[in-house]
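Working notes for the structure below.
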Amino acid sequence: MPSASLHSLLSNLLFPPTKINKQKLERQLAGKTVLITGASSGIGEQLAYLLSEMRVHLILVARREAKLLAMKSDIEVKAAHVSVFPADLRDPKDMERLLTFLHQLPDGLDIVISNAGHSINRSIRESLDRYHDFTRTMAINYFAPVQLLLSIIPLLEQNQGHIINMSTVNVMLIPMPHWAAYQASKSAFDTWFRSAAPELNTMGIATTSMYLPLVRTPMILSTAAYRKLPAMSPEHVAKMIGNAIYTRKQTFKPWWLIFGGLASLFFRTMPRLSRKKGNGHEDV
């Protein structure tokens, strides 16, 4: 079997296609306001285009204003209305401006897609003089979404809204070497969100945690080992989010996650592997 065919077969096995009922999605979204962080590429970008045919107000947040404006031009020829908000959510002034904008929305806020994030693959030895790697990773993966949600929970409660968090399977596996900064920050917000979820649910706010495997986004390009591994497409994840919006499913976990846990345990107990691997320092 050709390698391309084998790769396709493996991808379909690991990441079964997701069906989406566009009629249900459109009914769920009609007249609502959706905030997407990390909207200028990857999952956020594909979700914005997926929702472009819906009668919905999209608020797209990312650092790259030019890309957001180009997306706005593409999307608004269809049904959706788009507001772009260029911001670095690690910057207190940018966050303050965003929160002020959201609280001034005439119809409030209905759905939040917490997607912005930062990934880093660097050994501890290579990190000894790079404490800033940990502070900036925690800033975007933990502190920013916590600050955002604490401010807008009253808006979501008023509209019986929905929060969808883009998490990672890494937080459910045994931690691996070279990923201390990333895994700690993602685990921190996942724990916060799961802890807050029962309280949010009693307020009428739905919560969804999506534990994603490797997704072929710009975030993984700098890690050479990932380039040839099977990965989900951002379009596939966008469909999963669309499905979650109208089903309000609480969690998504790959079917093979239990086996991934066993595999991570196996590799984690092989210290020689991490010593022979070399000191990676990919960073996006």
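The values are calculated or read from the model by the stated rules, or taken from the named source; none is laboratory data. In this text, all values refer to a predicted model and were calculated from it rather than measured experimentally. Note: ideal-geometry Cβ built from the backbone for every residue, glycine included; neighbour counts use all protein chains shown. The area values use the complete protein model at the heavy-atom level, side chains included, leaving out ligands, DNA and RNA. Shrake-Rupley method; radii C 1.70, N 1.55, O 1.52, S 1.80 Å.
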Exercise for review: Could you grab me the full set of residues in segment 188-199 that are charged (D, E, K, R), open to solvent by 40 Å² or more (accessible area, probe 1.4 Å) and touching a residue at least 12 places away in the same chain (Cβ under 8 Å)?
Suggested key: 194
Exercise for review: Just give me the residues in segment 237-248 being farther than 17 Å from residue 36 by Cβ and either open to solvent by less than 30 Å² (accessible area, probe 1.4 Å) or among the charged types (D, E, K, R) (or both), in sequence order.
Suggested key: 248
Point to revise | Residue pairs meeting the criteria (Cβ under 8 Å; at least 6 apart or on separate chains; first farther than 18 Å from residue 27 by Cβ, in segment 46-68; second basic (Lys, Arg) and not in a loop (DSSP other than H, G, I, E, B)) | key: 60/72
Check your understanding: among the hydrophobic types (A, V, I, L, M, F, W, C), under 19 Å from residue 116 (Cβ atoms), outside any helix (DSSP H, G or I) and at pLDDT 95 or above: does that describe residue 210?
Key -> yes
Exercise for review: Just need a number here: residues in segment 173-187 that are crowded, with 18+ Cβ neighbours inside 10 Å and either in a helix (DSSP H, G or I) or in contact with an Asp or Glu (Cβ under 6 Å, 6 or more places away or on another chain) (or both).
Suggested key: 7
Check your understanding: If you take the residues of segment 3-18 that are over 16 Å from residue 256 (Cβ atoms) and within 26 Å of the chain's Cα centre (by Cα), which of them is modelled with the highest pLDDT?
Key -> 8
Check your understanding: When both residues are 6+ apart or on different chains and their Cβ atoms are under 6 Å apart, which pairs have a first residue that lies in segment 122-144 and is closer than 14 Å to residue 180 by Cβ and open to solvent by 60 Å² or more (accessible area, probe 1.4 Å), and a second that is aliphatic (A, V, I, L, M) and modelled with pLDDT of 95 or more?
Key -> 134/181
Exercise for review: Output the number of residues of segment 145-161 satisfying the condition of being within 15 Å of the chain's Cα centre (by Cα) and surrounded by fewer than 17 Cβ atoms within 10 Å (Cβ to Cβ).
Suggested key: 1
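Restricting attention to helices (runs of 4 or more DSSP H) lying wholly within segment 1-117, give those where 2 or more residues are closer than 22 Å to residue 249 by Cα and among the small types (Gly, Ala, Ser).
Answer list for segment 1-117: 42-50.
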